[in-house]
Structure formats: C-alpha cells, structure tokens
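Below you'll find the structure, written out as structure tokens, and then a few comments.
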Amino acid sequence: MSRRVLLISPCRDEAEYLAITIESIAAQSVRPTRWVIVDDGSTDETPRILARAAEKYSFIQVVRREDRGKRSVGPGVIDAFYHGLSQVDLDDYDYVCKLDTDLEFKTRYFERALEHFERDPWLGTISGKLHLRNDRGELEIERTGDENSVGPVKLFRTQCFKDIGGFVREVCWDGIDGHMARMNGWVACSLDEPDLEIVHLRQMGSSHVSLWHGRQRWGRGKYFMGSTPYYVAAVSLYRMLERPYVLSGVGILLGYLKATLSDAPRMQDERYLEFMRRFERDSLLYGKSRTARRYHERIRREVPRPAQRANDNLAEAFAE
C-alpha cells in the first residue's frame, strides 16, 4: 500500500529540542515523503538548526514566516500549520501529520502507525502515548485519553482530514477533531504500545508563559469546543492529580468560568455539539475508554468501508 506521508511542523524558538526531533525523524524506519517545517518567526538558533537540517536531509523543506512578536499557541499554531500546508498539494499524500518539534520517537513509530492504518480501513487518526522524564530520568506516561490522537503528533489519513474539514483555528482544536472524525464515520485513537512511545521533552501546556496559564487556556478551549459545566468540573477534578497538584485542575475550571462570564466565542455547529456532548455524557457514565470503544465498534459495524462510501450524508446518519 502507498505510504506517502506529509509532516508539517509549526515551530518558534525551539532550539533547545529541535535537533533531537529532527534526528529522531531521520532515524525512522519509514521516513516521511516530505517534512515541511514552518519557522514561525524564531529569534533564537532555530533558523540555523533548520538550515543545516535541510541541507543534510532532502525530505525537509523549511518555510519562514515573519516574526509576530510572540509565541501564539492554539490558533497561531494552526495558522502556521496551514501556511505549511499551502506549500504542497495535499492530494499528493496518503497521510498528513501535524508534528511538534519537542518530541523523541522510537525508530519504528511511523512504520507501526502505518501498519495500524493498513490493517483498519476505518482508522482516521492515531498516535501513541506521551511520556515525560521525571527527576530520576525515568519515563512516566502523561495522562491522555484513548479517544483521540494526541495533539503534538496528529497523524491523519488524508481522506479523514478532508472529511472533517481539517483543524479548527482555535484552542482545543486537538479535541474537536476526534469528535468530528467519529461523527464522519472514522475511528480516532491513541495506543499504549512500545513502538508508539513518544517522549515529550516538556510537559503539555507549558510552552507559553507558564503551566498555570496553559491550564486556564485549556479551560477556555473546553468552553469553545462546547463542553458542559458538569463535564468540565469532572475533568478539573481528574486533572487535580497532576503536577502542580490541585492547581492543575483549578486552572482548567477557572479558564472555563472566565470564558463563560465573558461570553467568549464558541462552536456553533448544532449537530457537532449534540454528538460531542452525548459522547461526554457517556464518558461520565461508562468511562472514556469504554465509550470510545463502543463508538468505534459501532462505526466498524454500521459504516461502510471508506472506499465503498457514497458521497452522501453519512455523518448525519451515524451522528443520530
């Protein structure tokens, strides 16, 4: 089967970790067909690291954007992603991946992910699990759900990416996409497998200002994506068990409340909101992993294989 893989990496001031990620991708048993790295206005050594990498590896293409004056996570990252995507023809690739540049992989990471795609025609997006190194140098898994690929490594089947309309340019884009995939008859998941182990070189949400700021941003994102207050309260309680303890959950709840009181923008797609909120209710009742399995089993049972699908209102039929 064809394995044309496109990686797109928005990055800004990533000199501390960038070289590690580049060599990790170069060491893959299945290298990408093209890796577009978008330098989003870096002011550190990032441009020089990228120049050396592009000279060394022919599959790397570096794109430079003007300095915005500050790092912009969420919508800014997705804007940079789409700037990179505009440099290529998506139809030339079977898979597309939004890839962060503070990661380290096992050598068979992408080969193993592609094996899952080739075995499961309903699989739309997949990732492994993120791990952090603790103070003793040991790897500890970051707490992420099984119902979606993780934000730092969003590997999509190109057809699924098109079917969901790509990424929303807002915080929590990396939660919305998984619900949109299921709503359109695709499976979205992350798997805890040795070959799919991802080393996250810094904790999620800590790249901009502070972890506390990142947790509030997470809460604002939960508001934007349409999560209900009772579900966010449950998420906040769950996340209080992460460092910094208690504050991790309080920050999420505070960000959600601030967005609510300020009448911040919110997803307006009623079909999506009904589908997503039903998934969240089921997750509270049965657990998120079990709920994802039930939804995915139903997709494989009731939705035609992608190659056999007519261009009809499949998403509406499954979402009901």
**Fill in**
Exception for Ser149 within (1) open to solvent by 20 Å² or more (accessible area, probe 1.4 Å); (2) at pLDDT 95 or above; (3) on the phi < 0 side of the Ramachandran plot falls at (1)
**Request:** Among the numbered conditions (1) part of a loop (DSSP other than H, G, I, E, B); (2) buried (at least 22 other Cβ atoms within 10 Å of the Cβ), tell me where Leu155 comes up short.
**Result:** (1)
**Fill in**
Checked segment 105-131 for anything closer than 21 Å to Met180 by Cβ and within 19 Å of the chain's Cα centre (by Cα); matches are Ala113, His116, Phe117, Trp122, Leu123, Gly124, Thr125, Ile126, Ser127
**Item:** Residue tally, condition in a loop (DSSP other than H, G, I, E, B) and touching a residue at least 12 places away in the same chain (Cβ under 8 Å), over segment 17-61
**Value:** 15
**Asked** Can you tell me which residue in segment 158-182 is farthest from Leu85 (Cα to Cα), limited to those that are open to solvent by 20 Å² or more (accessible area, probe 1.4 Å) and part of a loop (DSSP other than H, G, I, E, B)?
**Response** Val171
**Asked** Is it true that some residue in segment 220-230 is charged (D, E, K, R) and at pLDDT 95 or above?
**Response** yes
**Request:** Could you grab me the full set of residues in segment 221-271 that are within 15 Å of Ser283 (Cβ to Cβ), among the hydroxyl-bearing types (Ser, Thr, Tyr) and either open to solvent by 90 Å² or more (accessible area, probe 1.4 Å) or free of Cβ contacts under 8 Å to residues at least 40 places away in the same chain (or both)?
**Result:** Tyr230, Ser236, Tyr238
**Prompt:** (1) open to solvent by less than 50 Å² (accessible area, probe 1.4 Å); (2) in contact with a Leu (Cβ under 9 Å, 6 or more places away or on another chain): which one isn't true of Asp40, the others all being true?
**Reply:** (2)
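The values are calculated or read from the model by the stated rules, or taken from the named source; none is laboratory data. The model shown is predicted, which means the values in this text are computed figures rather than measured ones. So basically every Cβ, Gly included, is an ideal-geometry build from the backbone, and we count neighbours across all protein chains shown. The area values use the complete protein model at the heavy-atom level, side chains included, leaving out ligands, DNA and RNA. Shrake-Rupley method; radii C 1.70, N 1.55, O 1.52, S 1.80 Å.
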